[in-house]
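Peer 1: Got a structure for you, written out below as structure tokens; questions coming shortly.
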Amino acid sequence: MDGNASGEDYENIDWDTEDELEIQNIVPSTCSNLVTRNASIVGNGEASSSAGPSNPNLLQHFLGMGFSEQLIVKAIKENGEANTESILESLLTYAALEDSPDELNPCHLNSPQQQQCVDNGQLSSDYDESFLDDISESDSWSGSEVAEIDSSLPEHEKALLSLANMGYTVEEASAAVARCGPEATIAELTDFIGAAQMAKTEDVFFEEEKPKISIGANGGLKKRKLYELELWKRKKRKGLINEEDDVLRLPNPMIGFGVPTDTMVVTHRTLPEAAIGPPFFYYENVALAPKGVWDTISRFLYDVQPEFVDSKYFCATARKRGYVHNLPIHNRFPLLPLPPRTINDALPLTKRWWPEWDKRTKLNCLQTVIGSAKLTDRIRKALEKWGDDPPLHVQKYVIEECRKWNLVWVGKNKLAPLEPDEFEMLLGFPRNHTRGGGISRTDRYKSLGNSFQVDTVAYHLSALKDMFPNGLNLLSLFSGIGGAEVALHRLGIPLKNVVSVEISEANRDIVRSWWEQTNQKGNLIHLADVQQLNGDRLEQFMGSFGGFDLIVGGSPCNNLAGSNRVSRDGLEGEQSSLFYDYFRILDLVKCIMNKQQ
């Protein structure tokens with residue numbers, strides 16, 4: 001959406017537009033409450049300095065976790081009653097072994113070899129090379145491999161186990177499966193949650209041999225993730241977790257009332273009475289917002305239900321957005337010529353260098369920042385080391401980084417981030433729309449990352465073409481780089497009077513420059529702050545040119561986007577609370593227009 005918060009340091013960017021990989025916690029992590037170093041844990045979760053043989057709390061504590069009494073007694077016997085850390089480590093190992101296939105585990109809980117594999121919480125070298133390599137961070141588990149693990153598990157639980165084995169938390173894995181659906185591939189699920197780690201790209205070691213994971217004071221993380229998954233599954237079976245209450249359900253496919261390439265197009269809907277009548281309004285924000293956000297937005301905007309649309313149906317890049325509006329939905333038409341809808345069509349020079357193992361056809365949501373030269377250089381060196389056929393774990397890492405940062409192939413073993421003019425093309429803006437006026441490349445990326453996807457918005461606004469043959473008056477709130485203005489212009493709808501409210505001076509300059517270069521005949525009025533736009537000022541504008549025909553806006557999503565781990569406060573956040581100013585201004589305009597009738 002068009003942001004209204006700018007001027008922050010590059011290092012402090014809140015990844016404003018990330019929507020592709022939204023993570024909403026389903027169940028709080030249990031591990032921090034289960035393990036206390038150098039202390040025993042009693043039933044109420046508090047640490048106790050000792051636990052004697054006569055203390056029943058130790059047994060009850062582990063029984064409460066879901067372990068069997070037989071395994072608990074065995075673990076206590078092997079590790080001693082005072083060392084609860086080692087007991088838990090052993091229990092987690094037993095649980096992992098029980099749920100793993102025989103071919104992946106040379107150790108069986110009831111086999112004679114068991115004592116050779118598990119001894120006082122430590123693993124032998126054979127066990128380390130088999131089981132732990134299979135669940136190491138560098139391993140890549142496909143959907144077929146998950147099926148081989150346990151064919152009796154439901155598909156979504158196989159996916160959860162696979163994601164946990166790949167190093168994702170249970171909350172991330174379960175949210176991804178719930179959002180993408182149980183039929184989603186592992187690649188789609190990792191694509192969904194990958195950008196949550198964008199802010200800190202860690203170094204990845206491209207070693208031929210997989211790194212060994214030590215099991216000790218700091219080595220139980222992987223097993224704890226597996227246990228966390230098991231605990232989540234057990235709670236779900238007992239009815240303690242209700243996914244329906246915790247996860248926002250979005251339509252699949254995300255095409256709203258229809259897209260140009262879809263034959264199932266809805267042509268009629270019933271609007272609430274309060275939403276009927278002038279002016280037309282159109283509000284946009286990230287689809288994958290925290291729980292309850294879209295319910296609140298809908299409630300304030302006269303109970304109009306959102307239309308969720310992914311821009312991948314209009315262009316070569318995804319952009320999952322929700323739109324609340326009272327526009328007609330019949331007689332829609334797309335902008336012509338239709339934009340390219342695959343990466344290779346949009347960026348034909350990349351096709352020559354595209355490896356067969358990179359199966360991407362669409363880019364992810366374009367962000368406000370791009371991948372670094374250090375990252376692309378590291379990938380290049382790794383690929384050169386392996387030649388034309390890199391091993392699967394190298395391919396996996398490269399694809400993950402490509403998805404995360406929208407990298408494209410520009411030479412043999414060479415990847416690069418998109419250029420600003422490529423951003424413009426993919427988002428439907430004219431070439432060099434954000435160039436000039438002293439704006440830096442960093443600010444160009446930020447402005448474009450916060451913008452509308454013009455083709456998508458134009459499709460929705462196209463229903464107004466026949467209604468306003470002589471043009472319309474537009475109130476553009478949080479107008480950014482003028483996505484709505486560009487869409488209306490490309491539709492051939494004249495802009496008679498535009499009041500554009502945008503806090504960024506650089507963005508205001510971009511819109512002003514576009515206005516002049518396209519020889520607009522109407523009036524452009526720029527304001528800096530939506531919070532300063534009051535009823536008196538609105539009455540002044542509306543008295544001078546007869547009211548607004550359309551009010552468009554996309555308030556900042558800084559506090560809504562899933563990759564914002566610092567201040568994801570929903571509509572109560574400092575930036576995203578500006579939504580209420582959109583509603584305030586819209587309601588003022590409706591009241592003023594009703595009085596004037």
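Peer 1: Within the range 516-540, which residues are assigned to a helix (DSSP H, G or I) and exposed (fewer than 15 other Cβ atoms within 10 Å of the Cβ)? First the steps, then the outcome.
Peer 2: Step one: list which residues in the range 516-540 are assigned to a helix (DSSP H, G or I), which gives 516-517, 530-532, 535-540.
Matches in the range 516-540: GLU516, GLN517, GLN531, GLN532, GLY535, ASP536, ARG537, GLN540.
Peer 1: Another question, then. Against the definition (open to solvent by 10 Å² or more (accessible area, probe 1.4 Å), part of a strand (DSSP E or B) and either within 13 Å of LEU550 (Cα to Cα) or of a type outside the set (D, E, K, R) (or both)), how does ASN497 come out, yes or no?
Peer 2: Numbers: open to solvent by 10 Å² or more (accessible area, probe 1.4 Å): yes; part of a strand (DSSP E or B): yes; either within 13 Å of LEU550 (Cα to Cα) or of a type outside the set (D, E, K, R) (or both): yes.
Considered against the rule, which asks whether it is open to solvent by 10 Å² or more (accessible area, probe 1.4 Å), part of a strand (DSSP E or B) and either within 13 Å of LEU550 (Cα to Cα) or of a type outside the set (D, E, K, R) (or both), ASN497 comes out as yes.
Peer 1: Could you grab me the full set of residues in the range 500-515 that are within 22 Å of PHE468 (Cβ to Cβ) and either open to solvent by 10 Å² or more (accessible area, probe 1.4 Å) or not in a helix (DSSP H, G or I) (or both)? Don't jump to the end; show me each part of the working.
Peer 2: Restricting attention to the range 500-515, the residues satisfying the condition of being within 22 Å of PHE468 (Cβ to Cβ) are 500-501, 511, 514-515.
Result: SER500, VAL501, TRP514, TRP515.
Peer 1: Here is a follow-up. Cβ contacts < 6 Å: first residue without any contact (Cβ under 8 Å) to a residue 60 or more places away in the chain, restricted to the range 279-297; second residue open to solvent by less than 10 Å² (accessible area, probe 1.4 Å), any location; separation 6+ or different chain. Result?
Peer 2: So the pair list comes out as TRP294/GLY322.
Peer 1: Still on this structure: If we scan the range 537-552, do we find a residue that is at pLDDT 95 or above and closer than 30 Å to ARG441 by Cβ?
Peer 2: Yes, that holds for at least one residue.
Peer 1: Which ones in the range 465-481 are in contact with a strand residue (DSSP E or B) (Cβ under 7 Å, 6 or more places away or on another chain) and either of a type outside the set (Ser, Thr, Tyr) or without any contact (Cβ under 8 Å) to a residue 60 or more places away in the chain (or both)?
Peer 2: Correct list: GLY471, LEU472, ASN473, LEU474, LEU475, LEU477, PHE478.
The rows are residues; the columns are (1) open to solvent by 60 Å² or more (accessible area, probe 1.4 Å); (2) modelled with pLDDT of 90 or more; (3) touching a Phe, Trp or Tyr at 6+ places or on another chain (Cβ under 9 Å).
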residue: LEU250; (1), (2), (3): no, no, yes
residue: PHE257; (1), (2), (3): no, yes, no
residue: THR263; (1), (2), (3): yes, no, no
residue: GLY277; (1), (2), (3): no, no, no
residue: ALA289; (1), (2), (3): no, no, no
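Peer 1: Among the residues of the range 582-597 satisfying the criterion of being crowded, with 20+ Cβ neighbours inside 10 Å and over 14 Å from ASN285 (Cα atoms), which is farthest from the chain's Cα centre (by Cα)?
Peer 2: VAL589
Peer 1: Scanning the range 483-526 for residues that are among the basic types (Lys, Arg) and more than 34 Å from the chain's Cα centre (by Cα), which turns out modelled with the lowest pLDDT?
Peer 2: This residue is LYS521.
Peer 1: Restricted to the range 39-84, and to residues that are outside any helix (DSSP H, G or I) and modelled with pLDDT of 75 or more, which residue is surrounded by the most Cβ atoms within 10 Å (Cβ to Cβ)? Even if it seems obvious, please write down each step before you answer.
Peer 2: Within the range 39-84, the subset outside any helix (DSSP H, G or I) is 39-55, 65-68, 80-83.
Subsequent filtering for residues that are modelled with pLDDT of 75 or more retains 67-68, 80-81.
Working: PHE67: 21, SER68: 14, GLY80: 12, GLU81: 17.
In this case the residue turns out to be PHE67.
Peer 1: Show me the helices (runs of 4 or more DSSP H) entirely contained within the range 366-444 in which 3 or more residues are open to solvent by less than 30 Å² (accessible area, probe 1.4 Å) and over 16 Å from ALA316 (Cβ atoms). Working first, answer last.
Peer 2: Values: elements: 373-386, 392-405, 420-427.
Fully inside the range 366-444 and qualifying: 373-386, 392-405.
Peer 1: Take the residues in the range 334-349 that are buried (at least 18 other Cβ atoms within 10 Å of the Cβ) and not in a loop (DSSP other than H, G, I, E, B); name whichever of them is nearest to the chain's Cα centre (by Cα).
Peer 2: Per the criteria, the residue is ILE343.
Peer 1: Something else: Can you find a residue in the range 456-468 that is part of a loop (DSSP other than H, G, I, E, B) and open to solvent by less than 10 Å² (accessible area, probe 1.4 Å)?
Peer 2: Within the range 456-468 (the criterion being part of a loop (DSSP other than H, G, I, E, B) and open to solvent by less than 10 Å² (accessible area, probe 1.4 Å)), the answer is no, since none of the residues qualifies.
Peer 1: Residues to consider are VAL457, VAL486; find the one that is touching a residue at least 40 places away in the same chain (Cβ under 8 Å) and in contact with a strand residue (DSSP E or B) (Cβ under 8 Å, 6 or more places away or on another chain). Let's see the steps before the verdict.
Peer 2: On the way: VAL486 fails: in contact with a strand residue (DSSP E or B) (Cβ under 8 Å, 6 or more places away or on another chain).
After applying the criteria, what remains is VAL457.
The values are calculated or read from the model by the stated rules, or taken from the named source; none is laboratory data. Since the model is a prediction, treat every value here as computed from it, not as a measurement. Positions of Cβ are generated from backbone atoms using ideal geometry, with glycine treated the same way; all protein chains shown enter the neighbour counts. All accessible areas refer to the heavy atoms of the entire protein, side chains included, with ligands and DNA or RNA removed. Shrake-Rupley method; radii C 1.70, N 1.55, O 1.52, S 1.80 Å.
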